[in-house]
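Worksheet: the structure to be examined is printed underneath.
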Amino acid sequence: MAGAVGYHRTNGTLACEGVPLPAIAERVGTPCYVYSAATIKAQYNALANALAGVDVRLHYSVKANSNLAILSLLRSLGAGVDIVSGGELQRALHAGFTGADVVFSGVGKTPAELEAAIRAGVKTINVESIAELETLNVVAESMGAVAPVALRVNPDVSVETPHPYTRTGEHGMKFGIPDDQVLDVARSMRAMRSVTLVGMAAHIGSQIVRAAPYAETAQQLLELCNAVRSDGVTTLRYMDIGGGLAVSYGDDEPADLQEFAEAIRPIAAASGLQLLMEPGRYLVADAGTLLTRVVYRKHSGGKEIVITDAGMNDLIRPALYEAYHAIERVEPTDDRIVADVVGPVCESGDFFGLDREIGNVAAGDLLAVRSAGAYGYVMASNYNTRPRPAEVLVDGPRYAVVTAREQYQDLVRLEHLTPTWSDASCASD
Ligand SMILES: *Cc1c(COP(=O)(O)O)cnc(C)c1O
């Protein structure tokens with residue numbers, strides 16, 4: 001939470017910028033996600049300033065938080081986007097980005113998604129396998145187009161991330177083209193008329209604190225760029241080093257931007273290419289809070305258990321990644337308790353924190369689950385037929401509901417109480 005410039009306590013009460021969180025809970029209800037625009041701006045500017053003088057474009061990784069208002073805010077700051085699906089492409093275009101702002105990543109892009117990307121005129125399609133490249137060539141040819149390709153390299157760089165599920169850059173993982181195959185793949189492109197090689201890309205994982213794995217990765221990309229150039233390729237324009245910069249969730253370290261920039265700067269300069277980055281979490285995690293109300297408290301097996309109206313369906317990171325989120329009582333108190341803070345979902349993995357010291361709470365009190373702006377709402381589900389929460393953007397003294405709370409009718413809208421049967425023997429449909 002080191003970068004959470006948007007949160008502070010006024011008279012002891014936790015506020016997001018100029019808006020006390022109880023006011024939002026009162027008017028919007030709980031659970032809800034609250035985002036600080038000032039924090040997003042500060043994080044964006046800190047990264048952009050650290051890289052001042054480098055020819056760089058920050059392509060925000062939409063999957064971290066894809067709310068249209070957040071996308072629009074990042075667009076106004078000068079960001080492009082990194083997308084991983086056709087749906088995210090539509091969102092990006094809806095938010096006002098053009099194809100030229102878009103880098104398209106992802107290990108399993110379908111022909112339909114590739115076609116939509118070509119039609120939108122995206123900046124690069126980051127291809128992750130020879131099979132994808134061949135499919136892309138066929139799709140582009142059928143459209144009479146030439147698709148701009150960056151090869152996503154799997155550099156076999158291992159990083160220390162808090163959980164193995166957030167590592168992506170080692171051989172044997174599903175991501176990228178193993179570095180020792182990249183030159184062959186690049187050479188195979190000579191025989192393909194509808195794809196052109198414009199860059200080298202990598203994304204080695206998420207919540208990366210140290211600069212060294214980035215430097216190692218960028219160096220590999222540089223060497224691969226030089227190798228394909230000496231092979232006669234003259235079309236390279238981009239070196240994309242992916243996302244993954246760490247934020248601090250508690251007393252852990254965030255990425256050191258100066259150290260990162262110093263490591264990358266000379267490699268970017270030597271490449272003569274535009275540097276692309278795909279930060280997701282770094283830009284939005286600290287901006288977000290999951291605001292929830294205590295429903296019940298109970299005592300079991302010598303433990304205090306605090307049950308909130310938010311559940312793992314709203315924020316799955318603790319269950320999925322054993323992720324730590326700081327939890328705070330919104331209103332001040334000097335009285336402390338140690339408790340498990342859990343949700344109402346019928347799963348033992350449904351908790352936000354175990355054995356946490358928090359302010360003494362009773363039913364009706366508000367809790368803030370901090371640093372929930374990335375991989376929070378976007379991973380929310382309707383498990384237990386729970387409507388997804390509202391999302392609220394705060395900007396100085398004002399706030400706006402940027403996603404309405406789901407209602408029961410939204411959850412069953414696509415369902416049919418009475419099946420309309422089709423006869424499978426009529427093979428024509
Ligand atoms: C998820 C992802 C990112 C963003 O990762 P963060 O850790 O949120 O910065 C960037 N690039 C690709 C290809 C991704 O899949």
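The values are calculated or read from the model by the stated rules, or taken from the named source; none is laboratory data. The structure displayed is predicted, hence computed values, not measured ones. Positions of Cβ are backbone-derived with ideal geometry, glycine not excepted, and every protein chain shown enters the neighbour counts.
Check 106, 78 and return the single one that is surrounded by fewer than 24 Cβ atoms within 10 Å (Cβ to Cβ), more than 12 Å from the ligand (Cβ to nearest atom) and either in contact (Cβ under 8 Å) with a residue 60 or more places away in the chain or among the small types (Gly, Ala, Ser) (or both).
78 is the lone residue from the list that is surrounded by fewer than 24 Cβ atoms within 10 Å (Cβ to Cβ), more than 12 Å from the ligand (Cβ to nearest atom) and either in contact (Cβ under 8 Å) with a residue 60 or more places away in the chain or among the small types (Gly, Ala, Ser) (or both).
Determine which single condition residue 319 fails, assuming it passes every other condition in (1) in a helix (DSSP H, G or I); (2) among the hydrophobic types (A, V, I, L, M, F, W, C); (3) crowded, with 16+ Cβ neighbours inside 10 Å; (4) assigned by TED's automatic domain parsing to the domain that holds residue 155.
The single condition residue 319 does not satisfy is (4).
Counting only residues that are under 26 Å from residue 75 (Cβ atoms) and either at pLDDT below 95 or in contact with a Ser or Thr (Cβ under 7 Å, 6 or more places away or on another chain) (or both), give me the strands (runs of 3 or more DSSP E) lying completely in the range 195-282 with at least 2 of them.
Once the strands (runs of 3 or more DSSP E) in the range 195-282 are filtered for at least 2 residues that are under 26 Å from residue 75 (Cβ atoms) and either at pLDDT below 95 or in contact with a Ser or Thr (Cβ under 7 Å, 6 or more places away or on another chain) (or both), what remains is 195-201, 238-240.
Of these, 234, 289, which one is β-branched (Val, Ile, Thr), buried (at least 24 other Cβ atoms within 10 Å of the Cβ) and away from the ligand (no atom under 16 Å from the Cβ)?
Result: 289 is the single residue among 234, 289 that is β-branched (Val, Ile, Thr), buried (at least 24 other Cβ atoms within 10 Å of the Cβ) and away from the ligand (no atom under 16 Å from the Cβ).
Identify, from the list 250, 199, 243, the residue that is out of contact with any helix residue (DSSP H, G or I) (no Cβ under 6 Å at 6 or more places or on another chain) and away from the ligand (no atom under 16 Å from the Cβ).
Of 250, 199, 243, the one residue that is out of contact with any helix residue (DSSP H, G or I) (no Cβ under 6 Å at 6 or more places or on another chain) and away from the ligand (no atom under 16 Å from the Cβ) is 250.
Answer yes or no as to whether residue 331 is away from the ligand (no atom under 16 Å from the Cβ) and within 24 Å of the chain's Cα centre (by Cα).
no
Report the residue count in the range 119-146 for those that are under 24 Å from the mean Cα position of the chain (by Cα) and either under 18 Å from residue 242 (Cβ atoms) or surrounded by 22 or more Cβ atoms within 10 Å (Cβ to Cβ) (or both).
The number of residues fulfilling the criteria is 9.
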